[in-house]
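Visitor: Here's a structure for you.
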Amino acid sequence: MLLLEGATYRYAGYATEVLHDVDLRLDDGEIVGLVGPNEAGKSTLCLVASGLAPASVGGSLKGTLTLDGTPAAGLETHELAQRVVVGFQNPNTQRSGIAATVFEEIAIGPMNLGLPVTETVARTREAIARLRLEHLVERDPQRLSGGQAQLVGIAALLAMRPRHVILDEPTAQLDPAGTHLVGEALRALAGTGASLLIAEHKTDLLDEVCGRIIVIDGGRIVLDGPTAAVFDDPRLAELGVEPPARARLSRALVERGVDPAVVGQAIASAAG
Amino acid sequence: MSVFTRAGTTVLFTIGPFDATLQGVDFAGQTLVRLLAISTAIGLFGLTTEPRSFVLDLERRGLSPRFAFVALATLEAVPAMVERASVIASAQRARGLDTEGSIRARLRGLLPLVGPVILSSLTEVEERSLALEVRAFGKPGRRQLLWRIPDSGAQLAVRSLLMLALVAAIAGRLTGTFPALP
């Protein structure tokens with residue numbers, strides 16, 4: 001379980017806090033979506049929840065982060081990396097810059113951990129299979145499209161076999177098929193007991209994979225609840241978050257007089 | 001030059017005020033052979049050794065992973081920087097920047113490119129270092145390398161012979177068998 005309690009965070013050199021008294025709990029096997037308008041604090045929350053802020057980023061944090069019962073404050077960054085990983089939006093910065101092939105790029109995490117070759121290769125192959133990247137393994141990581149690079153970046157994180165995964169807009173450069181593929185991989189990862197936090201503007205993906213949604217605004221959590229309940233909340237539009245197509249369709253039908261029970265049943269059967 | 005400038009007693013021919021001596025020709029010949037040996041060795045190394053494989057093999061033989069990373073990242077950074085510069089140049093041209101024409105015009109057009117290329121590289125550094133940390137780059141000790149560069153028996157034999165030749169050359173020099181250049 002990842003537990004963040006009373007987190008108030010300020011970047012180094014900034015006069016004001018970016019996060020205010022944030023509590024976040026990710027249970028094992030749980031996928032939680034994080035949405036909010038631009039500059040709401042989503043990326044900062046990702047950094048703080050991963051332990052990189054303040055450990056690597058600097059700044060000051062009030063509050064505590066606990067990973068599976070261990071306080072993160074006393075952990076070295078490589079020890080943190082074995083418990084929680086974080087993926088960033090820009091696939092170019094995800095590349096190590098030292099790998100000649102995609103296979104090696106994905107293997108770098110397990111290689112850094114000093115795992116035996118068989119274990120390193122097994123983890124790498126598993127991550128490649130999860131995101132169906134077999135056709136890219138011999139390619140130069142610098143010569144990939146944005147979407148391919150994003151998938152490779154996520155695969156590199158999966159190869160770490162982390163207990164907790166935090167992704168900041170993991171599908172920003174992906175087409176619908178790639179987005180769906182990532183959704184499947186994340187669900188499979190959660191099935192192994194890992195917990196996931198996904199900051200994402202594509203609410204359709206979150207609607208598909210998340211059991212819970214958190215809405216952040218101005219560095220504070222303003223909504224936190226089951227996916228359907230949060231995405232059906234009328235306050236979402238005021239917060240600059242577009243609800244998923246399912247929620248928009250449902251609302252439109254209800255506004256035109258269709259029985260909400262019938263709408264719910266129809267959407268549930270279509271999704272099933 | 002040393003053919004004419006080297007002092008010597010046996011004059012071979014004269015051009016104007018300059019005497020070409022046998023000692024000068026001997027010295028020039030030895031220097032030429034040494035330069036040829038050095039440049040051939042460097043050229044041969046460059047042509048036959050892939051830099052990545054070289055650095056990874058050094059890491060396998062004990063080079064610090066951090067040093068190896070710096071060396072490899074530098075190799076990879078050059079094409080990435082060229083690509084970034086090309087993208088920024090296209091973007092600036094789309095906004096009307098003139099990068100063609102006379103040398104002066106090209107130099108003038110260069111200035112608006114340098115800033116964005118350097119700044120965008122710097123802004124990526126922090127996120128890139130975080131992404132590496134997430135993949136346990138900071139873990140102390142050796143990392144696991146997946147590939148061993150093929151090393152045949154013939155290569156090992158040639159390397160051993162060359163090492164012996166080196167030792168013999170040093171020994172010859174120390175004992176006076178191979179005297180220093182006069």
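Visitor: Starting from residues that are touching a Ser or Thr at 6+ places or on another chain (Cβ under 9 Å) and either assigned to a loop (DSSP other than H, G, I, E, B) or acidic (Asp, Glu) (or both), keep the ones in the stretch A:146-169 and report whichever is nearest to the other protein chains (Cβ to nearest Cβ).
Guide: A:Ala159
Visitor: Considering only the stretch A:187-220, state which residues are assigned to a strand (DSSP E or B) and either surrounded by fewer than 22 Cβ atoms within 10 Å (Cβ to Cβ) or outside the structural domain of A:Leu24 (by TED's automatic domain parsing) (or both). Walk me through it before giving the result.
Guide: Here is the first cut: in the stretch A:187-220, the ones assigned to a strand (DSSP E or B) are A:195-199, A:212-217, A:220.
Across the stretch A:187-220, the qualifying residues are A:Arg212, A:Asp217, A:Arg220.
Visitor: Now for a separate question. Please pick out the residue among A:Ile166, A:Ile154 that is within 13 Å of the chain's Cα centre (by Cα), over 30 Å from B:Leu75 (Cα atoms) and modelled with pLDDT of 90 or more.
Guide: Of A:Ile166, A:Ile154, the one residue that is within 13 Å of the chain's Cα centre (by Cα), over 30 Å from B:Leu75 (Cα atoms) and modelled with pLDDT of 90 or more is A:Ile166.
Visitor: Do any strands (runs of 3 or more DSSP E) lying entirely in the stretch A:26-110 carry at least 2 residues that are within 11 Å of another protein chain (Cβ to nearest Cβ), over 22 Å from A:Ala12 (Cα atoms) and modelled with pLDDT of 90 or more, and which ones are they?
Guide: Answer list for the stretch A:26-110: A:84-87.
Visitor: I'm checking my understanding of the structure. Among residues of the stretch B:136-154 that are facing chain A (nearest Cβ under 7 Å) and touching a Ser or Thr at 6+ places or on another chain (Cβ under 7 Å), which one is nearest to A:Gln94 (Cα to Cα)?
Guide: Restricting to residues being facing chain A (nearest Cβ under 7 Å) and touching a Ser or Thr at 6+ places or on another chain (Cβ under 7 Å), the top hit is B:Gly138.
Visitor: Could you grab the pairs with beta carbons closer than 9 Å, sequence gap of 6+ or different chains, first residue in the stretch A:180-191 and on the phi < 0 side of the Ramachandran plot, second one among the basic types (Lys, Arg) and in a helix (DSSP H, G or I)?
Guide: Close Cβ pairs satisfying both conditions: A:Leu181/A:Arg130; A:Glu184/A:Arg130; A:Ala185/A:Arg130; A:Ala188/A:Arg130; A:Leu189/A:Arg130.
Visitor: If I filter the stretch B:55-66 for residues that are more than 14 Å from every other protein chain (Cβ to nearest Cβ), under 25 Å from B:Asp151 (Cα atoms) and within 22 Å of the chain's Cα centre (by Cα), do I get at least one hit?
Guide: yes
The values are calculated or read from the model by the stated rules, or taken from the named source; none is laboratory data. Since the model is a prediction, treat every value here as computed from it, not as a measurement. All Cβ positions, even for glycine, are placed from backbone atoms using ideal geometry, and neighbour counts span all protein chains on display.
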